[in-house]
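Working notes for the structure below.
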Amino acid sequence: MVRVTKKAAALLKAAKVAQGAANEAGIRIRKDVMPDESDKAGIAVGLSISDRPGPNDAEFEQEGLRIFVEDALVEPLDGRTLDVLDANDGMELVWR
């Protein structure tokens, strides 16, 4: 299962508020498109605010945040943690 740190959950909750999302809305973790797959190995992952999970999404709650994981990412992200890195130009979400 994907884990979300307290710092990452706080950042995502703030994003929900900034977007005017409903309290019950969650964060959807979905496959994304890589700009040029020949240069990189791995899976591109996107995050979006969503009122409900997709039809085959895994759904769970961590740190008071609803999380929806696209079915195709459940296995590849199993055991991974979404965290926050304090970068020079602000906070950045990272997978560990």
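The values are calculated or read from the model by the stated rules, or taken from the named source; none is laboratory data. All figures in this text were calculated on a predicted structure; none of them were measured in a lab. So basically every Cβ, Gly included, is an ideal-geometry build from the backbone, and we count neighbours across all protein chains shown. We work out accessible area using only protein heavy atoms, side chains counted, and drop any ligands, DNA or RNA first. Shrake-Rupley method; radii C 1.70, N 1.55, O 1.52, S 1.80 Å.
I'd like to check one number: the per residue accessible area of the chain, probe 1.4 Å, reported in Å² as a whole number.
Here the per-residue accessible area is 64 Å².
Once both labels are positioned 7 Å from their Cα atoms along Cα-to-Cβ, the gap between ILE49 and LYS31 label points is 2.7 nm. When the chain is modelled as a GNM with alpha-carbon springs shorter than 10 Å, which of ASP86, ASP57, ASP71 fluctuates the most? Fluctuation is largest for ASP86. Hey, of (i) 1.07; (ii) 1.33; (iii) 3.00, which did the structure itself give for Cα Rg over 2.2 N^0.38 Å when calculated? Checking each listed value against the structure points to (i). Short-range pairs are left out: with C-alpha atoms under 8 Å and at least six residues apart, the relative contact order of the chain is 35 percent.
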